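Visitor: Before anything else, here's the structure in question.
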Amino acid sequence: MTSIVSANGAGIPAIGLGTWQLSGDTALRCVEAALKAGYRHIDTAAMYGNEREVGEAIRRSGVQRDDIFLTTKVWYDQLAFGALQRSAEESLKRLKCERVDLLLIHWPSKTVSIEEQVRGLCEARRRGLARHIGLANFPAYLVEEAVRFADQPLVSDQVEHHPYLDQSELKGELTAHGMSLTSYSPLGKGSLLADPTIVEIAREHGKSPAQVILRWHVQQPMTIAIPRSSNPRRIAENIDVFDFALSEEEMGRLFGLARPDGRMLDPSFGPDWSGGSQKGRATA
Ligand code: NDP
């Protein structure tokens, strides 16, 4: 049903279910609905507070654990060597599983050096806590630094990405290292769905605006998207994007929607996205 992106030894289903802000019974119901609809990739995080429900939904679904690509993340205040591995172990306890398929640094720490963060991540993989490891919210200059310190392959960088936000510079850096880009907030948190260009292309294909945006993501090389919905019908709709294709001209029109102010998530603890500055960052 979904296509698989191959990156540094990992095979990652191109559409996954995002679970941020899904909690309790809603999280349980949505993950079950996703697995029923054919999803084989679920994205959670220690910070989302729903790992117990995600694990429970996987067990209830009847889908073999090995057939599901499960990602979790370590929050930015747990990235010192030792703390990172402990956070991963606690996630596994909540998920009640032996290992995750992908363990990510959720946001780079500004107080722990990139070298130490990456050493902890690689150690977690060596200890079998995760099949694969990767990054989230790392701009190109920090990806370059992380790759330099990693003695295990990094398979993805999960970042905000949608037609209003150009990520071509980062994409170039990731491609150079064989890494995939996982698009979070792939629908711009839902705010792109009424865009006239997207609505027009959707009408031409007899698809929904969400499907057109998700098709735009998965039609790009080495790109994965993790839309979130709390509605089983929309969850199913979001993975039903493999029976049509956008033309080059349509892809170009969607790329043309990028705006300088397209970024929607820029918390104070986040990195400098403007490029290159490592000021204020620990280096040892
Ligand atoms: P999305 O871009 O996925 O948009 C979610 C919104 O779109 C919701 O309001 C949802 O409403 C709506 N929606 C979803 N599908 C449809 C549809 N087919 N038709 C109409 N509306 C739709 O935003 P998120 O910010 O949630 O990002 C997705 C995931 O990315 C997160 O859940 C999380 O897993 C990950 N993420 C990771 C971050 C990181 O730091 N690594 C940061 C942010 C997100 P409804 O529920 O009513 O369907």
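Values quoted throughout were computed directly from the atomic coordinates according to the rules given, and no laboratory measurement underlies them. Note that the structure is predicted; figures quoted are calculated from it, not measured. Cβ coordinates were reconstructed from backbone atoms using ideal geometry, including for glycine residues, and neighbour counts include every protein chain displayed.
Visitor: Quick one: 3J(HN,Hα) in Hz for the range 99-114, Karplus 6.51/-1.76/1.60 with θ = phi - 60°, rounded, Gly and Pro as x.
Guide: So the J values, rounded to whole Hz, are 7, 8, 7, 9, 10, 10, 6, 5, 9, x, 7, 9, 10, 9, 5, 4.
Visitor: Suppose each label sits 7 Å from its Cα in the direction of the beta carbon; what would the ARG65-ALA258 distance come out to in nanometres?
Guide: Distance between label points: 4.1 nm.
Visitor: Ok, one more. Note down the Stokes-Einstein diffusion coefficient of the chain in µm²/s, whole number, using a Kirkwood radius over alpha carbon pairs, 10 °C, and 1.306 mPa s. Before the final figure, lay out the partial values.
Guide: Numbers: Rh = 18.9 Å.
For these conditions, the coefficient is 84 µm²/s.
Visitor: Counting only DSSP beta bridges with both residues in the chain, tell me the antiparallel percent, nearest 5.
Guide: Numbers: 5 of 31 bridges.
For the chain, the DSSP antiparallel bridge percentage is about 15.
Visitor: So for the pair VAL199, SER247, with labels modelled 7 Å out along Cα→Cβ, what separation do we get in nm?
Guide: 2.2
Visitor: Pairs of alpha-carbon atoms within less than 8 angstrom and 6+ residues apart define the contacts here; what relative contact order does the chain have, in percent?
Guide: Once normalised by length, the contact order is 21 percent.
Visitor: Which whole-Hz couplings ³J(HN,Hα) result when phi for each residue of the range 124-141 is put into the Karplus expression 6.51 cos²θ - 1.76 cosθ + 1.60, θ = phi - 60°, listed in order with x for Gly and Pro?
Guide: The phi angles translate into 4, 5, 4, 7, x, 6, 8, 5, 9, 10, x, 10, 9, 6, 9, x, 3, 5 Hz.
Visitor: Okay, next question. What percentage of all Cα-Cα pairs in the range 1-101 are separated by more than 21 Å?
Guide: In whole percent, the long-distance tail amounts to 31.
Visitor: Would you please give the residues with an amide H less than 5 Å from that of PHE69, counting only those at least 5 places away or on a separate chain, with H modeled from the backbone geometry?
Guide: Long-range HN contacts for PHE69: HIS41, ILE42.
Visitor: With θ taken as phi - 60° and the coefficients 6.51, -1.76 and 1.60, list the Karplus ³J(HN,Hα) couplings across the range 227-242 in order, rounded to whole Hz; mark glycine and proline as x.
Guide: x, 10, 9, 9, 10, x, 5, 6, 4, 5, 4, 6, 9, 8, 10, 10
Visitor: At 0.36 nm per residue, and after removing the present C-alpha to C-alpha distance, how many nm does the segment from ARG148 to PHE81 gain when stretched out fully?
Guide: Computed gain between ARG148 and PHE81 is 22.4 nm.
Visitor: Among ASN50, ASN231, ASN137, determine the one that fluctuates most according to a GNM of the chain built with springs between C-alpha atoms less than 10 Å apart.
Guide: ASN231
Visitor: Whole angstrom only: what separates the Cα centroid of the range 104-127 from the Cα centroid of the range 151-175?
Guide: If you average the Cα positions of each part, the centres end up 18 Å apart.
Visitor: Here is a further query. For a quick check, take a GNM of the chain with Cα springs below 10 Å and name the residue from PRO163, PRO227, PRO260 with the largest mean-square fluctuation.
Guide: Answer for the Gaussian network model of the chain: PRO260.
Visitor: Name the aspartates and glutamates eligible as straight-distance cross-link partners of LYS189: C-alpha to C-alpha under 20 Å, and not fewer than 8 places from it in the same chain.
Guide: Hits, sequence-local ones excluded: ASP43, ASP157, GLU160, ASP166, GLU200, GLU237, ASP240, ASP261, ASP266.
Visitor: If amide H atoms are built 1.01 Å from N in the plane of the peptide, which residues on other chains or at least 5 residues away come under 5 Å of the amide H of ALA136?
Guide: ILE105, GLN158
Visitor: How are the alpha carbon pair distances in the range 184-226 distributed across 10 Å bins from zero to the largest one, expressed in percent?
Guide: Each 10 Å bin holds this share of Cα pairs: 31, 54, 15.
Visitor: Another question, if that's okay. At 0.36 nm per residue, minus the direct Cα-Cα distance, what do ASN231 and LYS93 gain on full extension? Give it in nm, one decimal, please.
Guide: 46.9 nm
Visitor: Now a separate question. Highest GNM mean-square fluctuation, the chain, Cα pairs closer than 10 Å: which of GLY18, GLY55, GLY252?
Guide: GLY252
Visitor: 5 Å is the cut-off here: which amide hydrogens, built 1.01 Å from N in the peptide plane, fall below it relative to LEU165, excluding neighbours closer than 5 in sequence?
Guide: ARG259
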